[in-house]
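Reading through the structure tokens given below for one structure.
The values are calculated or read from the model by the stated rules, or taken from the named source; none is laboratory data. This is a predicted model, so every value here is computed, not measured. Heads up, the Cβs are rebuilt from the backbone with ideal geometry, glycines too, and the neighbour counts pull from every protein chain shown.
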Amino acid sequence: MGNAEVPVDGEASGGDIQVVARIATLLDCLDPDSPYLDTQITAKALGVGRSTAHRYLVSLEKRGLLRRRDATTYELGPVLSRLGTLALSRLGVLDAAGPVMQELCRAIRNTVVLSVWGGRAPVIARVVPDNSRITTISVEVGRSLPPDAAQSRLFAAYHKLGRGAGRLRTIDDEDLRPVGGLMTARQVYAGGGFKTVAAPILTADGSIVATLAVVGLAVFMPEEEDDVVSEQLVAAVSRIGVS
């Protein structure tokens, strides 16, 4: 008679280890519209009491999977951000874009950011910060972008249009502008403190795979220079080979 496999302590039906299944369920609650967790959300998602939910959050924070945003909410921690970046690095576009981003940052004297599609929203995959000025903008790798971000609107536009630059004029968004056969996007954030100008990185068949963006203080990115910045971005993405 064969030996039966002894269940792992805490193993749920279907072979899942309960704590792993619960953590996966919890992390799946995070998305661009709800990027934070608190005790109430955690308790509801896991079907546990508030005290147990709190212990989950504190434990995940200690291990770096989450980090405390304020007194009651948590967001993705450094461990998950690092793992996400490793996963994204499998895309050849990151390696191809590196030298181009460095050159563009030096030429334009603003931070350059590359984002890829993360399934629900663009995710920041690589950042080349501009350190030429006293005041700089910090951009975090692994962070999802909101729907109104310039990069998000570019992804949405290209996903809607499908392939073919000839149909770019059908998008009704005054901050999306055709430049050099590509669509570019701009965004001035609330209060006018800083802004983003972005361009798509396309595969040979015209599918969008990433966006390249310049992010800086608005005072260093005046509106009258938007066309020049857009042209520099389009020239930069044309040098990034994507298979």
Next item on the list: Any chance you could count how many residues in the range 51-84 are of a type outside the set (Lys, Arg) and touching a residue at least 60 places away in the same chain (Cβ under 8 Å)?
Entry: 3
Checklist line | Counted residues, the range 132-147 - those being basic (Lys, Arg) and over 11 Å from the mean Cα position of the chain (by Cα) | finding: 1
Check: Quick check: anything in the range 118-126 at pLDDT 85 or above, more than 19 Å from GLY206 (Cα to Cα) and basic (Lys, Arg)?
Finding: yes
Note to self: Suppose the filter is surrounded by 15 or more Cβ atoms within 10 Å (Cβ to Cβ) and at pLDDT below 85; does LEU154 pass it?
What the structure shows: no
Next item on the list: Can you confirm whether the range 197-204 contains a residue that is in the same structural domain as ARG109 (by TED's automatic domain parsing), out of contact with any strand residue (DSSP E or B) (no Cβ under 7 Å at 6 or more places or on another chain) and at pLDDT below 85?
Entry: yes
Checklist line | Candidate set: the range 44-70, residues that are closer than 18 Å to SER34 by Cβ and modelled with pLDDT under 90; chosen: the one farthest from the chain's Cα centre (by Cα) | finding: ASP70
Next item on the list: Residues being in a strand (DSSP E or B) and out of contact with any helix residue (DSSP H, G or I) (no Cβ under 7 Å at 6 or more places or on another chain): count how many of those fall in the range 53-72.
Entry: 0
